[in-house]
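The structure appears below as structure tokens.
The values are calculated or read from the model by the stated rules, or taken from the named source; none is laboratory data. Computed from a predicted model, the values in this text were never measured in an experiment. Virtual Cβ from ideal backbone geometry, glycine too; neighbours counted across all protein chains shown.
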Amino acid sequence: MKAPILFSLFLATASAHTAFAACGPGDFVTHDESQVSIRIDGRGYTPACLKVKAGATVTIDASRNHPLQGVENPEGPANPFRRGSEATAPETQRLNEVGRYDYFCTRHGDANGGGMAGTILVE
């Protein structure tokens with residue numbers, strides 16, 4: 001009986017760390033610029049997986065057809081793209097804290113990284 005319980009605990013732990021599936025380790029585009037834009041590209045973002053230095057200012061495109069929402073980050077810095085209502089205009093934030101910031105289009109993606117979603121890694 002111990003094996004199924006341990007396996008269930010492993011799955012719960014693994015899914016907590018990989019819940020946002022939009023970007024894998026090899027998907028990230030590194031930008032050294034202090035200002036970076038993430039553009040809407042059809043039903044996706046370009047680049048969807050972005051790596052920047054702390055202090056970079058990042059703008060994510062949003063519109064009425066592609067409303068933006070950030071994903072809560074319980075294990076890291078607060079996500080400034082997460083707000084009570086979705087953004088329907090481009091959203092710009094200066095990301096000073098090292099961490100991971102996930103985001104998605106509320107019409108074409110989801111908070112688990114499915115569909116139109118992406119991640120910003122700040123180092």
**Message:** Restricting to segment 53-88, and then to whatever is hydrophobic (A, V, I, L, M, F, W, C) and assigned to a strand (DSSP E or B), can you tell me which residue is modelled with the lowest pLDDT?
**Reply:** ALA87
**Request:** Would you please list the contacts, defined by Cβ atoms under 9 Å and residues six or more apart or on different chains, that run from a residue in segment 102-122 that is farther than 16 Å from GLU72 by Cβ to a residue that is surrounded by fewer than 17 Cβ atoms within 10 Å (Cβ to Cβ) and hydrophobic (A, V, I, L, M, F, W, C)?
**Result:** GLY114/ALA21; LEU121/VAL98; VAL122/ALA54; VAL122/VAL98
**Request:** Can you confirm whether segment 98-115 contains a residue that is among the aliphatic types (A, V, I, L, M), surrounded by fewer than 17 Cβ atoms within 10 Å (Cβ to Cβ) and over 14 Å from the mean Cα position of the chain (by Cα)?
**Result:** no
